[in-house]
There are 2 protein chains.
Amino acid sequence: MKKSNITLKELSKILGVSISTISKALNDSPEISHDTKIKVKELAALHNYQPNVLARNLKSGTTKTIAVVLPTVKNNFFTEVLLGIETEIVKTDYNIIISITNESFEKEAQSVNNLSNGIVDGFILSTSEETQVKQNFNHLTAAIDNNKPIVMFDRVIKTIESDKVLEDNREAVYKATNYLLKSGKKHIAIASTINNITVGKSRTAGYKKALEEFGITLNENDIITGSQDSIKSEVDHYLKTNKPDAFIGLDEDATLSALKSVKQKNYNIPQEVAVVGYANQNIAPHLTPELTTIDQNGIEIGRTIVKLLIDRLKNPTKPYEKVVLPSILCKRLSS
Amino acid sequence: MKKSNITLKELSKILGVSISTISKALNDSPEISHDTKIKVKELAALHNYQPNVLARNLKSGTTKTIAVVLPTVKNNFFTEVLLGIETEIVKTDYNIIISITNESFEKEAQSVNNLSNGIVDGFILSTSEETQVKQNFNHLTAAIDNNKPIVMFDRVIKTIESDKVLEDNREAVYKATNYLLKSGKKHIAIASTINNITVGKSRTAGYKKALEEFGITLNENDIITGSQDSIKSEVDHYLKTNKPDAFIGLDEDATLSALKSVKQKNYNIPQEVAVVGYANQNIAPHLTPELTTIDQNGIEIGRTIVKLLIDRLKNPTKPYEKVVLPSILCKRLSS
DNA sequence: TTGAAAGCGATACCAC
DNA sequence: GTGGTATCGCTTTCAA
């Protein structure tokens, strides 16, 4: 008994007027008499007429929707950015649809290619890990060539010409390291599960820079890397033969693992070993001790992204912008 | 200098053959000669031809994409379900697009209405809090009437006829309460920020059922409710004049707040006060003490949802199903 | 004030 | 083997 949405054609048949009249009446065209407008609108309401979005978009060549392509939502940074995007997008007449790539190049390319051929007007995108490793960006350049501007954020591609929004990763970790050094710490280890992507490398660079400025020679041993699954045991292993007086986690997994390992060693935090790192602001206060974190300010990033993209859509030829937003060191009890 | 995607028409003009020939050649129709196929395909590749998805979908009346409408992604349950959905959807020829309602009725209705008119073939949906409060489901019935089946999960609407996937909330909290009672606890308090939605009420019901079976008279005071912002102070307030020997958190916010309050009181966990509750599996092991949680098994829920929806799409007239999946009590050190 | 017709881009039936 | 034409549902220009 199901019937698909009623169309203009069917309405026109019922009312015995032309399709154009129906269309104009529903769109409140001044060409149409008050009376027929009423009649048409009543009929449309009665049948719960909803215009076919596909047809309308095909005709107009614009969709007023933006795709947000994210590597994962199991990472609070990206959900924060999403929140920022949403709070800003509601102020516009655009909609968003979200696509999760699960760090897969394949899915990213497929999503972008698919969505760029009619479905959306533009993209907000942070590349998947695999894309960064593969260094294959054809889908991105194709979308841009196809008039679908991209605003890249966080995991951006240097060589792609587009608007970009970044956190200052290097500076943030530099500041964190500096803060620990100034507080008297001398032997700082870092843990990371993201050392193969640019963001992770920048963060490590900040660490190195701070050490250097303090005249401390870098010991590569103090840079502990691993996967999400292995990082905990890597840190454990490290702690068997090393006793740093501070840890910096370069991502949430690494931070939580470091915190746990240090606690399991029964080291006093922060007196014996301080712990600082990237982690969700919702979780940090619930940890013991409350964790000093580096907050990337995802909401602000999201809002900035939307503004850039809307501007770009309005004015496709303006010069590309690169906005760098500062991360914030939130001092709590673990340092 | 930007040009939009090249179309069949333009290709046909360049090659001097008809549009139909181009179309057929690209679709490997047996009607077309090998030679022209080669020529057409080369030209298409050269110009990076991509078919317009809108046009194709408009013609075919199907889109092979499914909308996933979620209240929030700042809740690990939903991101887990999303993960489950994705692992299952990749096995099909469907795509998903995600829409976040932010617990707003307005956004939910808008998304569903917009997407159901051409963009997607069906929905996976968990209603927003506001929708449950308002009890306005016109957008849902409209979508269903419009041949866009919905699989509802978690926050489902009883009166809507559709496939449904649920966790057994009542049973899960019943089991958790029972487990605490059997371990010798006698005065169990619960904390909840979701007491105004059905899920929360079911969980509370499980608590009550267990108490009753144990012959313990319910004290309404022991049911602490609040918003995400207020729940912590509500629990603090409660603990000023009450000393339960166990806490159950009915959602992550409530659970973490209860844990924190109990810790701040310097009660020994779990000897003096046990703490059990809904919380993300990634966080629970990092808390002190490691938290005993109720795991909703979001991944399995996600996979089940997809299977149901794909079946429904293939066979729109089959009877509606309601699948209830069990939650799992993960015992750790806080109980 | 209303209607006919072209067109958005792709597909498919039917001639030739 | 190839091309013309109708069609999906809607908007819009131009005629009447």
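Values for this structure:
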read-out: Spans of helices (runs of 4 or more DSSP H) in the range B:1-82 with at least 1 residues touching a Lys or Arg at 6+ places or on another chain (Cβ under 8 Å) and within 8 Å of DNA strand D (Cβ to nearest atom); value: B:19-26
read-out: Residue list for the range B:308-334, restricted to those being open to solvent by 40 Å² or more (accessible area, probe 1.4 Å) and polar (S, T, N, Q); value: B:Asn315, B:Thr317
read-out: Some residue of the range B:284-292 being touching a strand residue (DSSP E or B) at 6+ places or on another chain (Cβ under 6 Å), surrounded by 17 or more Cβ atoms within 10 Å (Cβ to Cβ) and at pLDDT below 95; value: yes
read-out: A:Thr304 away from chain B (no Cβ under 14 Å) and either farther than 17 Å from A:Leu82 by Cβ or not in a strand (DSSP E or B) (or both); value: yes
read-out: Restricting the range B:47-90 to residues that are without any contact (Cβ under 8 Å) to a residue 40 or more places away in the chain and touching a Phe, Trp or Tyr at 6+ places or on another chain (Cβ under 9 Å), the residue that is farthest from the other protein chains (Cβ to nearest Cβ); value: B:Thr72
read-out: Selection status of B:Ile97, in the same structural domain as B:Lys148 (by TED's automatic domain parsing), under 22 Å from A:Gly61 (Cβ atoms), more than 13 Å from DNA strand D (Cβ to nearest atom) and out of contact with any Phe, Trp or Tyr (no Cβ under 7 Å at 6 or more places or on another chain); value: yes
read-out: Entirely in the range B:142-231, the strands (runs of 3 or more DSSP E) that have 3 or more residues that are small (Gly, Ala, Ser); value: B:188-192
read-out: Residues of the range A:47-62 satisfying the condition of being open to solvent by 40 Å² or more (accessible area, probe 1.4 Å), among the polar types (S, T, N, Q) and at negative phi; value: A:Gln50, A:Asn52, A:Ser60, A:Thr62
read-out: Residues being at pLDDT below 95 and of a type in the set (D, E, K, R) - total across the range A:296-317; value: 1
read-out: Top-ranked residue of the range A:91-106 - restricted to ones that are open to solvent by 30 Å² or more (accessible area, probe 1.4 Å) and within 8 Å of chain B (Cβ to nearest Cβ), ranked as farthest from A:Gln132 (Cα to Cα); value: A:Asn95
read-out: Qualifying positions in the range A:32-46 - surrounded by 15 or more Cβ atoms within 10 Å (Cβ to Cβ) and within 13 Å of chain B (Cβ to nearest Cβ); value: none
read-out: Complete set of residues in the range B:282-296 that are more than 11 Å from chain A (Cβ to nearest Cβ) and of a type outside the set (A, V, I, L, M, F, W, C); value: B:Thr292, B:Thr293, B:Asp295, B:Gln296
read-out: Candidate set from the range B:1-25 (those that are within 14 Å of chain A (Cβ to nearest Cβ) and of a type in the set (A, V, I, L, M)); member that is farthest from A:Leu115 (Cα to Cα); value: B:Met1
read-out: Number of positions in the range B:196-240 that are of a type in the set (Ser, Thr, Tyr), open to solvent by 50 Å² or more (accessible area, probe 1.4 Å) and free of Cβ contacts under 8 Å to residues at least 24 places away in the same chain; value: 2
read-out: Residue in the range B:116-138 that is assigned to a helix (DSSP H, G or I), touching a Ser or Thr at 6+ places or on another chain (Cβ under 8 Å), within 10 Å of chain A (Cβ to nearest Cβ) and crowded, with 24+ Cβ neighbours inside 10 Å present; value: no
read-out: Single match in B:Thr65, B:Thr21 (criterion: open to solvent by less than 70 Å² (accessible area, probe 1.4 Å), among the hydroxyl-bearing types (Ser, Thr, Tyr) and closer than 30 Å to A:Ile96 by Cβ); value: B:Thr65
read-out: Among residues of the range B:148-188, those that are farther than 30 Å from B:Lys64 by Cα and in contact (Cβ under 8 Å) with a residue 60 or more places away in the chain, counted; value: 13
read-out: Which listed residue, of A:Asp311, A:Asp253, is assigned by TED's automatic domain parsing to the domain that holds A:Tyr179, of a type in the set (Asp, Glu), under 23 Å from the mean Cα position of the chain (by Cα) and not in a loop (DSSP other than H, G, I, E, B); value: A:Asp253
read-out: Qualifying residue in the range A:52-59 (condition: within 16 Å of DNA strand C (Cβ to nearest atom) and more than 30 Å from B:Ala142 (Cβ to Cβ)); value: no
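The values are calculated or read from the model by the stated rules, or taken from the named source; none is laboratory data. This one's a predicted model, so the numbers in the text were calculated from it and none came from an experiment. Because the Cβ atoms are built from the backbone with ideal geometry, glycine has one as well, and the counts that use them run over all protein chains shown. Surface accessibility is based on the protein's heavy atoms, side chains included, excluding ligands, DNA and RNA. Shrake-Rupley method; radii C 1.70, N 1.55, O 1.52, S 1.80 Å.
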